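Notes follow the structure.
Read the figures in this text as sums done on the coordinates, not as results from a lab. As the structure is a computational prediction, the values presented were derived from the model and not from experiment. Virtual Cβ from ideal backbone geometry, glycine too; neighbours counted across all protein chains shown.
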Amino acid sequence: MAPQLPKDQLLSMYRKMYLIRRFEERAAQSYQQGKINGFCHLYIGQEAVAVGTTEALRPDDYQLGAYRDHAYPLTRGADPGMVMAELFGRATGYCKGKGGSMHIFDVEHFVLGGYGIVGGQIPLAAGLAFASKYRDDGRVTVCYFGEAAANQGAFHETLNMASKWSLPVIFLCENNRYGMGTAFARVSPLPEVYKRASAYGIRGEPVDGMDVLTVYEAVKDCAAYARSGKGPVLLEANTYRYRGHSMSDAATYRTKAEVETERKGDPIPKLRHYCVETVKIPESEFEKIDAEVKAQVDAAVKFADESPEPSLDELHEDVMVEPGEPDVKPRERVLGIKVDWPVWPGPKDYKVTWDLEPREQAEEADEKAGLKQPAKQPARA
Amino acid sequence: MAPQLPKDQLLSMYRKMYLIRRFEERAAQSYQQGKINGFCHLYIGQEAVAVGTTEALRPDDYQLGAYRDHAYPLTRGADPGMVMAELFGRATGYCKGKGGSMHIFDVEHFVLGGYGIVGGQIPLAAGLAFASKYRDDGRVTVCYFGEAAANQGAFHETLNMASKWSLPVIFLCENNRYGMGTAFARVSPLPEVYKRASAYGIRGEPVDGMDVLTVYEAVKDCAAYARSGKGPVLLEANTYRYRGHSMSDAATYRTKAEVETERKGDPIPKLRHYCVETVKIPESEFEKIDAEVKAQVDAAVKFADESPEPSLDELHEDVMVEPGEPDVKPRERVLGIKVDWPVWPGPKDYKVTWDLEPREQAEEADEKAGLKQPAKQPARA
Amino acid sequence: MPEIAWREALNQALSEEMERDVNVFLMGEEVARYNGAYKVSQGLLDKFGSARVVDAPISELGFAGLGVGAAMVGLRPVIEMMTWNFAILAMDQIVNNAAKLRHMAGGQLRCPIVFRGPNGAGGRLSSQHSQSLEANYAIFPGLKILAPSTPADAKGLLKAAIRDDNPSIFLEAELLYGVKGEVPTGEYVLPIGKADLKREGNDATIITWSRMYYFCEQAAQALEKEGIHVDLIDLRTLKPLDEEAILASVRKTNRAVVVEEGWSFCGVGAQIADIIQEKAFDDLDAPVERVTGLDVNRSYAAVLEKATEVSAERIVAAVKKVMYREEGT
Amino acid sequence: MPEIAWREALNQALSEEMERDVNVFLMGEEVARYNGAYKVSQGLLDKFGSARVVDAPISELGFAGLGVGAAMVGLRPVIEMMTWNFAILAMDQIVNNAAKLRHMAGGQLRCPIVFRGPNGAGGRLSSQHSQSLEANYAIFPGLKILAPSTPADAKGLLKAAIRDDNPSIFLEAELLYGVKGEVPTGEYVLPIGKADLKREGNDATIITWSRMYYFCEQAAQALEKEGIHVDLIDLRTLKPLDEEAILASVRKTNRAVVVEEGWSFCGVGAQIADIIQEKAFDDLDAPVERVTGLDVNRSYAAVLEKATEVSAERIVAAVKKVMYREEGT
Ligand SMILES: Cc1ncc(C[n+]2csc(CCOP(=O)(O)OP(=O)(O)O)c2C)c(N)n1
Ligand SMILES: Cc1ncc(C[n+]2csc(CCOP(=O)(O)OP(=O)(O)O)c2C)c(N)n1
Ligand SMILES: [Mg+2]
Ligand SMILES: [Mg+2]
């Protein structure tokens, strides 16, 4: 077991996990009240993964995931009211209500979206990591994806490139054991996703996704590894979702009993118990946090509920960007506060020092293959 | 070393390899004369793979490959003149001149095409094998593909399914070390394709693709394995092409010296030498075969050259099939001879006995994942 | 005739065709044990077993291609795409293989396969999940494109598509599965390529397909109250297109409105308008009007989504426009 | 002005933009060590190094998506597709991510990326390798589509596309790379969305783009000999479409012929014809004619391929048709 973490850090992790839990419960409620529509995928049960991960990263490391994405911005300090407003489809949402539950972007906090096409975010992650290596900005990218996405061609093509070019990216598989109604083992001969790392010659390992401290340690180690230039990691967090695949899935197909058993592994009480029993943090502090979070989430729902619908002027906005048009900074736009916004280096701001493929290396490979110098005329096809 | 093969079989393998070699040399010549256009990918150097493979299969096992496909029908007994005519784009070609060099189909001999989209034939192979298992016809499918195609998503998705459903298919990678001008090792962290089998929990192994007898033994063993229901195999034949990627690639980028070295490994003289030295088959028999093959290929070129262009009535043919319209039988159409044509079972000709996923197995996987009985309402999404 | 929902009509078609021909099988995500994401395949696994109703991994390109391969040797796969948005990943197998196989092979084989699933909006799903993609397939020679509107047409055309020896794209809609209508029981097969004149009138012609038919019907009823009577042509098949039906009606009414759910720019409606202007130029008393979804990415927010959608009101307005009647007069 | 070939014009554009902005990089199959399948990237690896000119594995979906991800954080990737036929595998990343990102994110980011490569026929390559696929991208909001014809336009528009903050599809052609023309050296950037009136005349309007321009020019010269003078509009950009240029000309000539290399059914030409019939209905003296590739799968055989292609003769005939002149009179 890793060295004990400072009390404040433990409490902040607890607070974040409970924030997500509470946020999702109220989102579920709001969905039932018809205030949220379409697809809404809850993160309940998986909190330890996002919280442990974010805790282990630099605040400016990139994160992106699939459509089960409410937790990602919340772990990064996004405004819960504005995330809820996005779920409500209101003008005050992070994406002006255009993306909704499945597509939450909080660029201020380097959370680069939730994506609806299974596996679609995986190549993007390689691109983010490519940019980091290209600019040598020391960032690591964390790409969350469900285990079912590992059967997409995009997974294969991306891991191959990420490995070949030693891109600083952690492919973080949130294995909650099924995609919609299909148990992963039913469609995958090799149900342990991390084992696929061998096909790409990269580091791969499983981690208990129901224990935030274990996730934290694992991601910290993987991030250091990737950041140091050793290449990508395929990290498989074994977790469980307590709710149906989405709100439109009542998940009646699961027995109470079975969910109860799982609840015993609930990462939130687990951390709390550890803090109280081992670290000797008084219960009262947790009661205080619970109360504060409840109030915070109530306020978030209230904020969303009282927020206006987007104006119709928004219809043609953001489809194309006009010359000189700035990017939209959600918290500035909505809350009127000044925020630090990522600035990407300009045309002359840096030089590329990365030698993606040293010439000797390329020539050696060519020789082995039987190639000599580049063809003089079109080699096509 | 495997038991020595009967003399006739050795000679027929030699004949086929030399037929391919000679055919391709004349094709190259015809290309330079402007009688063949577009892309034309020669098989010279790789003869041992197709010949050893076909020799090890049942004549009604399915074969398909990429665009480097002249050899596949030839090993199956296709009419060389009609293959050449297809390269010439004549009405007497196997595909009426519609497909050309990259798309040669000889359905009579269960050669189901050459394909131009890298990796595009791989999912098709799973479908052929699925059909065999579905009908329990005992067939095995051999899917040839170049090593570069192993970086396509289609490869990943297909091997996963083929493994999960134990489909009788041999994924036969013809590793000639590069795709066009790119050495495989330059774009693949794991340059041994067969090692990727581990990601799908299937059998994978390399074989010397420059020795027809080794290929024959390996494929025979893999075919028996697949046919017996043990599932797919990823077989990697290490081979080499003596010519450029295609006729439009003069391959000036390879040194004479290096090609010379490789020529020492030429599979054709190698088999001949083995037959003469070890099996004691007189040289004269080979000289006789060489002469016969030369004449046969000369005749093929002559046939192609004297064949008519397709008629314009063909323009709208074969795009859509009309009710009651039969399939076209090339040798019947062109040579007017009666041929055995594959007949696919009709609506009531058989029952499906294959239980692709036994219920208990599915339920067990569901239980493990935390699922119980099927959802009653739409689980989407 | 019994009233049943779209999903049951499709279920009947699948069940009957699987009974009729052992070569027919269904493959897709969630189709077997969970009876389909939209419950179209309800009960089929129990009835036909696990080799004929197959749960696929989330590998659209892979299982679409698997279907094409199986079709090459005489099976008749029905490949369910959970939605056509996801089928974009499988497009290579559909347009480069299925649509071209017979031709590349010079007629040596055929590819009897049906790709089916919901197209268009699902409602409050934002841009990645709400696309109408028929034009992306309609352009390729070698494919048939079906887009029925009523449960009866859906049953009759799905059965026809399964029996057809060509590859076909069968377009359904998330918002249609629950829609009910009278459906003949048992053997009921409709001809592919025949439009259905669902309403007759001399004042104008409305041409549409799939879910938009219901909006057009609404509009037609509203117009009738104002004494405007339209021909309402439900194409049902987009390719091959029933040009005769379109042209015959336009020659009668001299006015045409084409209604589609998808985007305007390069939508199938543009092709239909082009055919009309080319072949009925002298019969037209007004330019062909098109009513389409707005040419922007679809939003999740209710008001924004609604504003991008086709509405009966907009169809009414378009008909009045081609009749040179001012709105509301 | 120096005369250079298309491939050199593109090479100049790439080289200059990479000099100008360190954020620009080129990735694709064979682009680095082998200087491009068509030698468009000749010399760039030596000039800019292996991180800015990258040989990708044959993983179109993967490296297209990698480019999109890099663009999200301010790089300006140029992704070379060896041909657009292969890009069908990458379509999901192009239309579901690149085209939708800014909108899904409510304007928080942009996606400055260029996907470029040859579109259309390569000559004697059969059906999988000969497709004109512009319509498949033109339908999606969020993308710009460029299809220049001359080396100068190619240079000016590629530079513009690289500098543009939106994702764009840049269509080249295997049969154009060797075509020469005068090209301004150094800084030369053209506006996206502006058509070029390459010839003026009052008798009819020919509208085209990409390689077909040369066929139209041929036809125009032939027509001139017969005293027929046409406006020849080279669109150069398909989206955003320069409607004004089209309509202004048609209002003048009252006759329009749209020429495209690809298939007729649902081709971009149908959309152009629709715009003309809708917005210039009263100015039209004849239906808009379209000259397109034949709606069949393309064959390898020379005679069959030729018969599917657009020819100057067919364009001449179409112009005469809209002028109601009998062939040869
Ligand atoms: C390409 C694609 N195919 C199918 C779907 C429909 N779909 C949405 S979520 C889902 C299951 C994904 O499961 P997993 O990746 O394990 O993520 P989880 O929902 O378990 O978090 C499916 C099939 C989709 N969105 N995209
Ligand atoms: C999807 C796709 N991308 C790119 C190409 C262009 N291309 C044709 S052959 C080839 C190289 C393939 O190499 P490999 O798979 O090793 O087969 P080989 O030519 O060596 O037999 C490429 C990139 C293509 N045909 N299809
Ligand atoms: Mg899952
Ligand atoms: Mg190779």
Restricted to chain D, the DSSP antiparallel beta bridge percent, nearest 5, is 20
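Are any of the pairs A:Lys164/B:Lys220; A:Lys96/B:Lys368; A:Lys164/A:Lys351; A:Lys280/A:Lys329; A:Lys164/D:Lys155 more than 30 Å apart by Cα-Cα distance, and if so, which?
Details: A:Lys164/B:Lys220 35 Å; A:Lys96/B:Lys368 41 Å; A:Lys164/A:Lys351 22 Å; A:Lys280/A:Lys329 42 Å; A:Lys164/D:Lys155 33 Å.
Correct reply: A:Lys164/B:Lys220; A:Lys96/B:Lys368; A:Lys280/A:Lys329; A:Lys164/D:Lys155.
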Hey, what's the per residue convex hull volume over the C-alpha atoms of region D:93-194, in cubic angstrom?
102
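Roughly what % antiparallel, to the nearest 5, for the DSSP beta bridges in the protein assembly as shown? Intermediate results must be reported in sequence, preceding the final value.
Numbers: 22 of 130 bridges.
Here the share of antiparallel DSSP bridges comes out near 15 percent.
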For region C:1-150, what class follows from the C-alpha gyration tensor (a ≥ b ≥ c being the square roots of its eigenvalues): rounded when a/c is under 1.5, otherwise prolate if a/b is larger than b/c, else oblate?
oblate
Convex hull projection area averaged over all views, region A:197-322, Cα basis, nm²
14.9
Checking D:Ala248, D:Ala64, D:Ala154 against a Gaussian network model of chain D (alpha-carbon springs below 10 Å), the top fluctuating residue turns out to be D:Ala248
Rg and Dmax of region B:1-107, using alpha carbons, in Å: what are they?
14.1, 46
With a 22 Å threshold on alpha-carbon distance, the violating pairs from D:Lys47/D:Lys239; C:Lys144/D:Lys100; A:Lys348/D:Lys47; C:Lys321/D:Lys279 are D:Lys47/D:Lys239; C:Lys144/D:Lys100
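Semi-axes of the protein assembly as shown's equivalent ellipsoid from the Cα gyration tensor, sqrt of 5 times each eigenvalue, largest first, rounded to whole Å?
Details: eigenvalues 406, 336, 220 Å².
Largest first, the protein assembly as shown gives 45, 41, 33 Å.
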Rounded to whole angstrom, the alpha-carbon centroid of region B:120-153 lies from that of region C:223-278 at a distance of 44
Quick check on region A:44-178: what does the Kirkwood estimate of hydrodynamic radius come out to from the alpha carbon pairs, in Å?
14.9
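Working from the alpha-carbon coordinates of region A:107-187, get Rg over Rh, Rh being the Kirkwood radius.
Details: Rg = 13.3 Å, Rh = 13.3 Å.
Over the Cα atoms of region A:107-187, Rg/Rh equals 1.00.
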Measuring from label point to label point, each 7 Å out along Cα→Cβ, what is the D:Glu226 to B:Ile337 span in nm?
5.2
Region B:38-94: percent of C-alpha pairs farther apart than 19 Å?
29
Expressed as a whole number, the average count of other chain Cβ atoms within 10 Å around the Cβ atoms of D:115-126 is 3
Share of antiparallel DSSP beta bridges in region C:197-329, in percent to the nearest 5?
15
Just for the Cα atoms in region D:197-323, what are the lengths along the principal axes, largest first, rounded to whole Å?
43, 33, 24
Would you mind getting the Kirkwood hydrodynamic radius of region C:182-260 from its Cα pairs, rounded to one decimal in Å?
13.0
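If you count, for every residue in A:144-155, the Cβ atoms of partner chains within 10 Å of its Cβ, what is the mean? Each step should come with its number before you reach the end.
Values: counts 0, 0, 1, 0, 4, 1, 5, 10, 13, 20, 13, 5.
Per residue, the average neighbour count from other chains is 6.
Shielding by partners for B:325-335, please: the mean number of other protein chain Cβ atoms within 10 Å of each residue's Cβ. Each step should come with its number before you reach the end.
Numbers: counts 4, 2, 8, 6, 2, 4, 0, 0, 3, 0, 0.
Per residue, the number of nearby Cβ atoms from other chains is 3 on average.
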Below 8 Å between Cα atoms, with a sequence gap of 6+, how large is the relative contact order for region B:35-185 in percent?
21
On the Cα set of region A:264-381, report Rg and Dmax in Å, please.
28.5, 76
Please give the helix B:7-32 orientation as an angle from the longest Cα principal axis of chain B, in degrees from 0 to 90, rounded to the nearest 10.
70
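How large is the Kirkwood hydrodynamic radius of chain B, counting all unique pairs of alpha carbons, in Å? Write down the numbers at each step before the final one.
Values: mean 1/r = 0.0451 Å⁻¹.
Its Kirkwood hydrodynamic radius stands at 22.2 Å.
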Where the only charges are on Cβ atoms (+1 Lys, Arg; -1 Asp, Glu), what is the dipole of chain B about its Cα centre, to the nearest 20 debye?
560
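Report, to two decimal places, the Cα Rg of chain D normalised by 2.2 N^0.38 Å (N = number of residues). Mind dumping the intermediate values first?
Numbers: Rg = 19.7 Å, N = 329, 2.2 N^0.38 = 19.9 Å.
Working it through for chain D, the quotient is 0.99.
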Which of B:Ile104, B:Ile36, B:Ile170 moves most in a GNM of chain B, Cα contacts under 10 Å?
B:Ile36
Listed residues B:Val118, B:Val233, B:Val319; largest mean-square fluctuation, Gaussian network over chain B with Cα springs below 10 Å, found at B:Val319
Per residue, how big is the convex hull of region D:18-106 when only Cα atoms are used? Give it in Å³.
88
